[in-house]
Amino acid sequence: MIIAPRTRFPQAFGKKQEEPVIEQVTGKTYEAVLREHILEPLGMKGTGYDHSEPLIPGWAAGYENGLDGMRNAPFLDMLLPHAAGALYSTVEDLYLWDRALYGT
């Protein structure tokens with residue numbers, strides 16, 4: 001056990017630490033566990049773990065404001081944030097997620 005029950009821990013302990021624990025316990029990738037236990041049961045077909053390939057139809061590109069005006073945001077490989085932010089989703093799927101959280 002990494003942290004004893006009812007022990008206070010810093011907020012930083014969370015997403016980045018949960019991924020390797022889930023992978024070690026299940027013997028599956030974090031992505032596979034999410035898909036199998038959350039995304040597929042909820043019917044979230046427009047949500048997934050972000051990879052640079054394949055291309056996703058209807059994908060919106062990110063922008064940022066630079067000194068010379070708006071420009072494309074730099075590429076960020078989703079292998080870096082992992083569980084801390086490597087998912088993409090649609091509004092429709094976020095609605096499904098919200099309904100599941102509130103049991104409606």
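Read-outs: derived from the displayed coordinates by stated rules, not from any lab. Source: prediction; values computed, not measured. Note that we place each Cβ from the backbone using ideal geometry, even for glycine, and neighbour counts take in every protein chain shown.
For 68, 98, what ranking results if the residue with the fewest other Cβ atoms within 10 Å of its Cβ goes first?
Lowest to highest Cβ neighbour count: 68, 98.
If you take the square roots of the eigenvalues of the alpha-carbon gyration tensor of region 15-56 and sort them as a ≥ b ≥ c, do you get rounded (a/c under 1.5), prolate (a/b over b/c) or oblate?
Here region 15-56 falls in the oblate category.
Please arrange 26, 47 by counting, for each residue, the other beta carbons lying within 10 Å of its beta carbon, fewest first.
26, 47
With the contact rule set at Cα under 8 Å and sequence spacing of 6 or more, what percent relative contact order holds for region 15-104?
It rounds to 35 percent for region 15-104.
Compute the Cα gyration tensor for region 16-104, then decide on rounded, prolate or oblate, letting a ≥ b ≥ c be the square roots of its eigenvalues: rounded whenever a/c is under 1.5, prolate when a/b is larger than b/c in the other cases, and oblate in all that remain.
oblate
Using the Cβ atoms and a cut-off under 13 Å, what net charge is assigned to the surroundings of residue 76, where Lys and Arg are +1 and Asp and Glu are -1?
Around residue 76, the surrounding residues sum to -3.
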